[in-house]
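Colleague: First, the structure itself, so that you have it in front of you.
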Amino acid sequence: MAIKILVAGDLHLGRSSGGIHGSPDDSSTRTTWKRITDWCIGNKADMLLLTGDIVDRNNRYFEALGPLQRGFVQLGEAGIKVFMVSGNHDFDVLSQIAQGGDYENVRLLGPGGNWELASFEKFGQKIQVAGWSFPRQFVYENPLLSLSRLDIDPNYPAVGLLHCDVAVGESKYGPVDANGFAGKGLNVWALGHIHKPWIVNHDDPLVFYPGSPHAMSAKENGSHGCVLLTVESNGIIKHEQVPMSPVRFETLIVDITGLTGEGDVRNRVTRAAAEEAGNMIREHQRLTWVVYDIILEGEHRTPREAANWAGSGIEDYMMEIQRGTNVMIRKVESNVRPVIGNLEKLAEESSPAGKLAETIMAIGQGRKTPFVEALLSEWNTKFLAINDSPAYQPVRKGNENSDISKQGVSFIQKECRKLLGELLEQQSPSKQ
Ligand SMILES: [Mn+2]
């Protein structure tokens with residue numbers, strides 16, 4: 001028989017996803033907590049591990065505690081054990097709940113920042129769980145440095161729970177080196193604090209952030225959920241993501257080349273979003289909201305106008321693509337280039353447009369006109385001044401040998417195209 005362990009972190013109960021129309025229940029992390037407890041009960045999990053920041057510091061008393069406690073009770077009724085550690089958001093509130101002693105099945109590991117080892121047994125199979133809880137909001141020291149005293153039995157699998165900040169150097173949230181987890185006698189480390197799912201180390205030991213099970217902002221794009229650990233009877237531990245978030249944020253590139261009118265451009269954008277979301281829900285069921293940031297690409301005769309067509313009022317757009325799943329578009333950005341018709345003919349003109357056309361052609365053919373040389377020399381001076389500024393030192397690393405002049409030429413070409421496009425757009429007010 002295998003032991004099933006679901007791992008969740010950074011739920012931030014009390015918060016909701018930003019930018020969802022109205023304030024529907026499904027955008028709240030409460031919904032994801034319900035999904036997590038339902039999943040554990042429905043799939044007969046043995047254990048739920050929580051890696052801290054389960055309750056959001058700024059919203060906890062108003063919204064968080066009722067649902068959290070209800071979930072604990074339901075898990076207890078189903079015989080599911082909860083081990084948790086606190087993070088910088090819930091260092092006080094989780095220990096209050098645990099000290100209350102109301103939930104026999106729930107245990108906070110390592111209160112006060114003292115490492116603690118617990119164990120769980122089923123059918124003669126034993127799992128050890130070690131944990132350390134945030135004792136206060138800020139912890140500047142590496143919590144792993146105080147780990148030596150645990151009495152771990154090497155004959156049984158052991159899982160570590162820790163809320164910490166991996167690989168950042170200095171941090172006030174428990175800084176830990178990514179290599180620091182090896183050789184501590186634990187097979188798996190389940191971490192909290194970072195909201196993006198991240199496997200820090202694949203094996204020996206497995207070290208991972210499950211990430212926030214609920215996508216709270218457009219910065220948290222991609223699939224969000226929990227991690228299921230399956231401990232086989234031979235001690236082998238498998239891991240897989242279980243999607244939970246009812247909200248998913250994505251970026252989508254839409255090419256509008258060949259489209260002319262407003263309706264065409266808007267339709268291309270909304271259809272692309274609906275199609276992409278349709279594919280996604282075939283893989284990940286139960287998404288209530290798929291929220292897109294659109295990036296327009298390609299060529300258009302009037303790029304600025306096309307971007308306005310696609311973007312104006314788009315934040316009100318919402319479409320139900322299947323029962324219970326809605327697509328929203330949060331914003332539209334544009335990288336659309338102007339269509340520049342007859343460049344050669346234009347280059348013969350002595351107008352500003354002609355000058356720009358000539359420059360674009362010259363660069364395209366690898367020639368350097370006096371005008372290009374002058375621009376390039378100015379670009380070089382400015383680029384070097386920025387590059388010498390101490391603020392950019394870290395960015396510059398590894399970039400020093402790149403061909404600066406090539407970068408300059410490509411920059412000038414892009415700007416000339418943009419300017420020419422805008423110039424032509426102004427000269428042709430209505431070509432529809
Ligand atoms: Mn945190």
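Every read-out reported here was derived from the displayed coordinates using simple, explicitly stated rules and does not represent laboratory data. None of these values were measured; they are calculated from a predicted model. Backbone-built Cβ (ideal geometry, glycine too); neighbour counts: all protein chains shown.
Colleague: Every residue in segment 115-142 that is outside any strand (DSSP E or B) and either out of contact with any Leu (no Cβ under 6 Å at 6 or more places or on another chain) or of a type in the set (S, T, N, Q) (or both), please. First the steps, then the outcome.
Modeller: The initial filter retains those residues of segment 115-142 that are outside any strand (DSSP E or B), namely 115, 123-124, 133-138, 140-142.
Within segment 115-142, PHE123, GLY124, SER133, PHE134, PRO135, ARG136, GLN137, PHE138, TYR140, GLU141, ASN142 meet the criteria.
Colleague: Same structure, new question: If GLU121 meets every condition in (1) surrounded by fewer than 19 Cβ atoms within 10 Å (Cβ to Cβ); (2) acidic (Asp, Glu); (3) within 16 Å of the ligand (Cβ to nearest atom) apart from one, which number is that one?
Modeller: Result: GLU121 passes all but (3).
Colleague: Condition (residue is within 14 Å of the ligand (Cβ to nearest atom), buried (at least 18 other Cβ atoms within 10 Å of the Cβ), more than 30 Å from GLU250 (Cβ to Cβ) and over 18 Å from the mean Cα position of the chain (by Cα)) applied to segment 153-161: is it met by at least one residue?
Modeller: So in segment 153-161, the residues within 14 Å of the ligand (Cβ to nearest atom) come out as 161.
Restricting the remaining residues to those that are buried (at least 18 other Cβ atoms within 10 Å of the Cβ) gives 161.
Going one step further and asking which of them are more than 30 Å from GLU250 (Cβ to Cβ), we end up with 161.
So of that shortlist, the ones also over 18 Å from the mean Cα position of the chain (by Cα) come out as 161.
Within segment 153-161, one or more residues are within 14 Å of the ligand (Cβ to nearest atom), buried (at least 18 other Cβ atoms within 10 Å of the Cβ), more than 30 Å from GLU250 (Cβ to Cβ) and over 18 Å from the mean Cα position of the chain (by Cα).
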